[in-house]
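The values are calculated or read from the model by the stated rules, or taken from the named source; none is laboratory data. Note that the structure is a prediction, hence the values are computed from the model and not measured. In this analysis, Cβ positions are derived from the backbone assuming ideal geometry, glycine residues included, and neighbour counts consider all displayed protein chains.
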Amino acid sequence: MSFLTIDETDAARLASLVEVGLAVKASPDEYRSALDGRSVGLFFQKQSLRTWVSCDIATFQLGAHPIVIRNDQTGLGTREAPADVGRVLGRYLDALGMRVFDHADLTEIDDATQIPLVNLLSDLEHPCQAVADMMTIAAHVPLDEATITYVGDGNNVCHSLMLAAVKLGSSIRIVAPPGYEPDADVTERARAIGDVLVTSDIGEGVTGTNVIYTDVWSSMGQEAEAELRRRHFAGYQITPELFERADEDAIFMHCLPAHRGEEVSDEMMEHGRSKVFDQAENRLHSFKAVLLDELG
Ligand code: CP
Ligand code: NVA
């Protein structure tokens with residue numbers, strides 16, 4: 001079964017991905033060669049550090065063969081129709097992960113191919129990130145007791161985090177400047193499941209929370225808006241002074257890459273309660289859980 005969005009993933013499957021991710025992290029040797037002889041494609045239409053490297057190494061450590069496929073060499077939608085790319089890759093691979101601009105390309109490819117397809121980030125969601133994020137939070141506070149605050153752009157990362165939070169019993173607060181709130185349909189679906197607050201008031205959003213999470217103000221593909229967004233997001237930077245308003249055991253999270261001096265200060269990145277590198281490490285373990293779910 002493909003893994004394209006948290007939206008389409010039921011709570012039991014999501015909880016199992018988090019649980020298996022934590023089990024694999026605790027005992028990696030138990031899972032070595034679990035996927036012996038399999039092949040996993042990792043396709044990138046845009047830049048990556050964590051996803052590229054962690055998914056490649058996770059695949060290798062499970063005994064499967066990873067092959068990274070770069071769009072500048074393959075031309076998704078320019079050299080070849082997305083559905084045809086999917087049909088061809090389905091003849092060679094056991095599973096395929098793809099990072100694309102347009103989520104519609106993923107659904108088109110998923111319809112055209114028999115192999116499981118994993119979203120490695122699209123304009124709509126970043127579901128693998130959300131599994132790693134919930135693993136990171138679970139290490140600090142029980143998920144069904146957690147209040148998670150996301151401050152910044154209502155983007156792909158925000159969508160997956162919001163849906164994962166409510167599906168696993170956490171409360172979620174989204175703090176965004178007017179005009180940058182998460183997609184209305186995604187918010188409505190999250191509200192139908194659990195406790196969701198959307199506000200532009202940063203004080204209201206962070207007071208007493210267990211987690212403060214942020215992401216870049218301009219995502220990949222939005223570089224032309226960067227200057228305008230810097231103006232609109234002024235006042236939404238996470239600093240140690242703001243972090244003081246959260247719960248005393250709160251943690252700071254960021255999916256990375258971070259733009260230090262914009263959405264987060266240097267001091268906050270280096271703060272003792274900053275878990276951003278644990279979170280990045282969890283991308284490795286969580287992708288193993290995704291592959292075991294697909295191919296195990
Ligand atoms: N967090 C994340 O997906 O990082 P990359 O864009 O570097 O893969
Ligand atoms: N929202 C960011 C996340 C990068 C991991 C982007 O889409 O560029």
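For segment 256-277, give me each residue that is away from ligand 1 (no atom under 13 Å from the Cβ) and in contact (Cβ under 8 Å) with a residue 40 or more places away in the chain. Of everything in segment 256-277, those that are away from ligand 1 (no atom under 13 Å from the Cβ) and in contact (Cβ under 8 Å) with a residue 40 or more places away in the chain turn out to be 262, 263, 264, 275.
What do you reckon, is residue 277 surrounded by fewer than 23 Cβ atoms within 10 Å (Cβ to Cβ) and either of a type in the set (A, V, I, L, M, F, W, C) or part of a strand (DSSP E or B) (or both)?
On the way: surrounded by fewer than 23 Cβ atoms within 10 Å (Cβ to Cβ): yes; either of a type in the set (A, V, I, L, M, F, W, C) or part of a strand (DSSP E or B) (or both): yes.
Answer is yes for this residue.
Taking the stated definitions as given, is residue 247 charged (D, E, K, R) and within 24 Å of residue 4 (Cα to Cα)? So residue 247 fails the test.
Looking only at segment 21-45, which residues are in a loop (DSSP other than H, G, I, E, B) and either modelled with pLDDT under 95 or of a type in the set (A, V, I, L, M) (or both)?
If we filter segment 21-45 for residues that are in a loop (DSSP other than H, G, I, E, B), which is where we start, we get 27, 32-38, 45.
Once the filter is applied, which keeps residues that are in a loop (DSSP other than H, G, I, E, B) and either modelled with pLDDT under 95 or of a type in the set (A, V, I, L, M) (or both), segment 21-45 yields 33, 34, 35.
Within segment 88-126, restricting attention to residues that are in contact (Cβ under 8 Å) with a residue 24 or more places away in the chain, surrounded by fewer than 15 Cβ atoms within 10 Å (Cβ to Cβ) and in contact with a helix residue (DSSP H, G or I) (Cβ under 9 Å, 6 or more places away or on another chain), the residue that is farthest from residue 159 (Cα to Cα) is 114. Scanning segment 54-67 for residues that are surrounded by 15 or more Cβ atoms within 10 Å (Cβ to Cβ) and without any contact (Cβ under 8 Å) to a residue 60 or more places away in the chain returns 56, 65, 66, 67. Do we have residue 285 as over 30 Å from residue 115 (Cβ atoms) and more than 14 Å from ligand 2 (Cβ to nearest atom) here? No; evaluated as a whole, the condition is false for this residue. Checking the conditions here, which among 153, 195, 215 is surrounded by fewer than 24 Cβ atoms within 10 Å (Cβ to Cβ), of a type in the set (Asp, Glu) and touching a helix residue (DSSP H, G or I) at 6+ places or on another chain (Cβ under 9 Å)? From the options 153, 195, 215, the qualifying one is 195. Beta carbons closer than 8 Å, at least 6 apart along the sequence or on distinct chains, pair a first residue in segment 227-243 that is surrounded by fewer than 13 Cβ atoms within 10 Å (Cβ to Cβ) with a second that is assigned to a helix (DSSP H, G or I) for 235/202. Identify all residues within segment 114-127 that are under 15 Å from residue 43 (Cα atoms) and more than 16 Å from ligand 2 (Cβ to nearest atom); write none if there are none. Listed by number, the residues that qualify are 115, 116, 117. The residue that is nearest to the chain's Cα centre (by Cα), counting only those in segment 86-131 that are of a type in the set (Val, Ile, Thr) and within 16 Å of ligand 1 (Cβ to nearest atom), is 131.
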